[in-house]
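Notes follow once the structure below has been shown.
The values are calculated or read from the model by the stated rules, or taken from the named source; none is laboratory data. Just so it is clear, the model here is predicted, and its values are computed rather than measured. No Cβ is skipped: glycine too gets one built from the backbone with ideal geometry, and neighbour counts run over all protein chains shown. Ligands, DNA and RNA are stripped out before the accessible areas are found, and what is left, the full protein with its side chains, is counted by its heavy atoms. Shrake-Rupley method; radii C 1.70, N 1.55, O 1.52, S 1.80 Å.
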Number of protein chains: 2
Amino acid sequence: MDRPNIPLNALRSFEVAARQGSFTNAAIELCVTQAAVSHQILRLEDQLGAKLFHRTSKGLLLTPEGEALLPVLTASLDRISSVLDRFTDGRYHETINVGVVTTFAVGWLAERLAKFEESHPGISIRLFTNNNRVDIAREGLDLAIRFGAGRWPGLTIQPLMETPLTPICAPSVASALKAPETLLSQKLLRSYRADEWPIWFKKAGMVSPYIEGPVYDSSVAMAELAAKGLGVALLPHAMFQAQLSEGRLVRPFDTEVTTGRYWITRLSNKEPTTAVAAFEAWICKAAL
Amino acid sequence: MDRPNIPLNALRSFEVAARQGSFTNAAIELCVTQAAVSHQILRLEDQLGAKLFHRTSKGLLLTPEGEALLPVLTASLDRISSVLDRFTDGRYHETINVGVVTTFAVGWLAERLAKFEESHPGISIRLFTNNNRVDIAREGLDLAIRFGAGRWPGLTIQPLMETPLTPICAPSVASALKAPETLLSQKLLRSYRADEWPIWFKKAGMVSPYIEGPVYDSSVAMAELAAKGLGVALLPHAMFQAQLSEGRLVRPFDTEVTTGRYWITRLSNKEPTTAVAAFEAWICKAAL
DNA sequence: ACTCTGCATAAGAAAAAATAATGCCAATGG
DNA sequence: CCATTGGCATTATTTTTTCTTATGCAGAGT
């Protein structure tokens with residue numbers, strides 16, 4: 001149907017009436033009289049040539065035609081309504097909530113975020129750092145950046161960069177490390193991903209030793225401990241570039257392994273807003 | 001913004017003007033005068049408290065606010081417009097185009113389709129049978145059912161049933177087949193998936209022989225040849241239940257292997273319509 | 001400077017939408 | 001069984017919104 005012929009106001013009345021199940025209540029929501037709603041809907045039904053409601057003695061019932069119409073209208077009006085809500089003081093402004101694994105936030109995103117906000121004046125980003133097992137829906141996030149193999153059912157994902165892991169430690173500790181075998185005498189810091197060290201040792205041509213000690217939740221924590229000379233951590237060196245070039249941390253070996261990558265994820269069943277799509281596009285481009 | 005306060009007609013004018021880049025042309029599309037459009041948009045800008053256009057001497061330019069508004073409106077109006085278009089002769093009717101691998105269409109879907117159409121009177125399904133390498137976008141399909149491991153970038157997928165493969169042949173051929181080794185003396189019919197027979201032989205505890213002969217594109221063709229006694233095919237027996245229970249085809253061995261499953265797929269970047277979503281939901285429930 | 005194109009403006013005309021009052025129907029309850 | 005009530009439809013009328021016509025005004029090109 002051509003734009004000029006779409007009876008928008010009548011469709012709005014229909015949507016409200018269908019949701020309310022009553023012309024009278026719809027009239028209240030629409031701030032008009034019941035007769036006005038009745039008129040609108042009668043006219044709409046006339047234009048479509050189809051009844052949209054069964055008027056029964058105990059309320060309204062949607063016909064199949066009404067049933068087909070309602071969800072599209074509700075969704076469209078909701079979306080329009082929410083863009084309009086983002087106008088305040090004559091400015092369009094949208095805030096999006098992004099969950100980020102701490103390592104990525106600190107090692108890559110934080111320092112680049114300003115650039116995005118600069119080029120997108122209408123969008124504010126609220127970062128929530130968390131571990132990898134974030135629940136987007138429960139925490140009310142629009143997007144989440146996490147590390148893994150890219151298998152999360154129900155999520156729409158896009159790849160960001162790969163981040164190979166390599167042993168990282170303090171310079172003082174590194175001086176004692178000649179060959180990979182010498183690692184066995186060091187305290188190895190490990191994450192909750194139990195297979196990372198074994199994979200690295202295999203690539204280095206060794207059998208993995210049994211690793212003891214606490215399991216850390218965050219690479220940032222492990223890096224901090226490593227910097228204090230309290231052990232050797234297996235970390236995505238790309239995320240610790242700053243400390244590596246400062247010399248606060250060093251890479252005793254070149255061997256690196258790739259066990260996954262970062263991804264940006266969102267709920268598949270929730271349409272991204274313009275701002276969410278813009279952020280997603282920006283980060284995909286910047287991080288690939 | 002509350003439903004009653006959404007200035008729908010003004011938003012429509014804005015959408016057209018923004019798309020056209022001109023009030024004058026928008027007026028033509030809207031079948032009104034230029035002054036009418038000007039009024040509408042001025043009023044909208046006033047209500048939002050924000051300019052939506054920069055009026056330059058060489059045409060209109062969207063402000064950031066206009067930029068934020070436009071895509072949502074265009075999408076919403078397009079969607080509404082297309083639901084309304086599906087009303088003809090006072091009935092809502094939607095046709096969806098579904099690509100289906102022939103095997104699945106013949107062996108499972110066709111006989112169940114009537115049930116869906118019965119319970120969804122406003123929806124017609126057009127089936128297009130094809131091989132597994134269908135291109136949804138190019139062929140203008142809304143959905144495609146295909147076999148595989150579930151890795152198709154750009155597609156949103158949902159799992160249907162698993163369909164283990166097992167050798168199938170005519171009863172006359174089966175009588176000569178005692179142990180798996182006896183298969184080696186038979187003509188083995190093969191699909192373009194070169195690894196299927198090897199995987200089956202491995203599970204049966206044998207080394208796969210070298211297989212000769214043409215590569216068939218469709219399990220249905222192979223089943224037909226097998227029924228004629230022209231060889232043994234490795235087929236998803238669930239799709240040939242009818243012929244198996246008729247005794248036209250038989251399963252000489254119990255050993256079966258699972259190399260993938262059926263999936264229902266659609267383009268991720270295209271919002272499913274109500275009917276597409278309904279069909280998807282129906283088939284997922286019916287086929288899992 | 002003149003003309004053309006395109007948006008803004010003002011006042012009146014037309015159209016659309018809303019209202020008030022009332023009708024109609026079915027269910028409910030003494 | 002009749003009165004009452006709740007809820008949608010109808011009609012005539014009023015109000016509001018929207019559109020039009022006519023004109024103004026600004027910038028760009030000739």
(request) Give the stretch A:18-27 a look and list any residue that's surrounded by 15 or more Cβ atoms within 10 Å (Cβ to Cβ) and within 12 Å of DNA strand C (Cβ to nearest atom), or say none. (result) A:PHE23, A:ALA26, A:ALA27
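Scan the stretch A:89-96 and tell me whether some residue there is in a helix (DSSP H, G or I), modelled with pLDDT under 95 and at the interface with chain B (Cβ under 7 Å from one of its Cβ atoms).
Looking for residues that are in a helix (DSSP H, G or I), modelled with pLDDT under 95 and at the interface with chain B (Cβ under 7 Å from one of its Cβ atoms), one finds none in the stretch A:89-96, hence no.
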(message) Condition first: assigned to a strand (DSSP E or B) and modelled with pLDDT of 95 or more. Now tell me which residues in the stretch A:128-144 satisfy that.
(response) A:LEU143, A:ALA144
(request) Could you tell me which numbered condition B:GLY107 fails, if it satisfies all but one of (1) in contact with a Pro (Cβ under 8 Å, 6 or more places away or on another chain); (2) at the interface with chain A (Cβ under 8 Å from one of its Cβ atoms); (3) in a helix (DSSP H, G or I)? (result) (2)
(request) For residues that are more than 7 Å from chain B (Cβ to nearest Cβ) and open to solvent by less than 80 Å² (accessible area, probe 1.4 Å), tally how many sit in the stretch A:50-72. (result) 9
(message) B:PHE14 - would you say it is near DNA strand C (Cβ under 9 Å from one of its atoms), more than 9 Å from every other protein chain (Cβ to nearest Cβ) and not aliphatic (A, V, I, L, M)?
(response) no
(request) Sort through B:LEU267, B:LEU234 and tell me the only one that's buried (at least 16 other Cβ atoms within 10 Å of the Cβ), in contact (Cβ under 8 Å) with a residue 24 or more places away in the chain and in contact with a Gly (Cβ under 9 Å, 6 or more places away or on another chain). (result) B:LEU267
(message) For the stretch A:174-216: of the residues being touching a Lys or Arg at 6+ places or on another chain (Cβ under 9 Å) and hydrophobic (A, V, I, L, M, F, W, C), which is most open to solvent (accessible area, probe 1.4 Å)?
(response) A:VAL215
(message) I'm trying to understand the selection: among the residues of the stretch B:135-144, which are in contact with a Leu (Cβ under 7 Å, 6 or more places away or on another chain) and either within 22 Å of A:ARG151 (Cα to Cα) or surrounded by 13 or more Cβ atoms within 10 Å (Cβ to Cβ) (or both)?
(response) B:ILE136
(request) Have a look at B:ARG79, B:ARG43, B:ARG112 and point out the one that is within 16 Å of DNA strand D (Cβ to nearest atom), open to solvent by 70 Å² or more (accessible area, probe 1.4 Å), touching a residue at least 12 places away in the same chain (Cβ under 8 Å) and not β-branched (Val, Ile, Thr). (result) B:ARG43
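Looking at the stretch B:75-84, can you tell me whether even one residue there is more than 8 Å from chain A (Cβ to nearest Cβ), among the hydrophobic types (A, V, I, L, M, F, W, C) and out of contact with any Gly (no Cβ under 7 Å at 6 or more places or on another chain)?
The answer is no; no qualifying residue exists.
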(message) Could you check the stretch B:18-34 and list, in sequence order, the residues that are more than 10 Å from chain A (Cβ to nearest Cβ), part of a helix (DSSP H, G or I) and away from DNA strand D (no atom under 12 Å from the Cβ)?
(response) B:ALA18, B:GLN20, B:ASN25
(request) Go through the stretch B:45-62 and give me each residue that's aliphatic (A, V, I, L, M) and in a loop (DSSP other than H, G, I, E, B). (result) B:ALA50, B:LEU52
(request) Name every residue in the stretch B:89-113 that is over 27 Å from A:LEU62 (Cα atoms) and of a type in the set (S, T, N, Q), in order of residue number. (result) B:THR102, B:THR103
(request) For residues that are touching a residue at least 24 places away in the same chain (Cβ under 8 Å) and either in a helix (DSSP H, G or I) or of a type in the set (Asp, Glu) (or both), tally how many sit in the stretch B:203-214. (result) 1
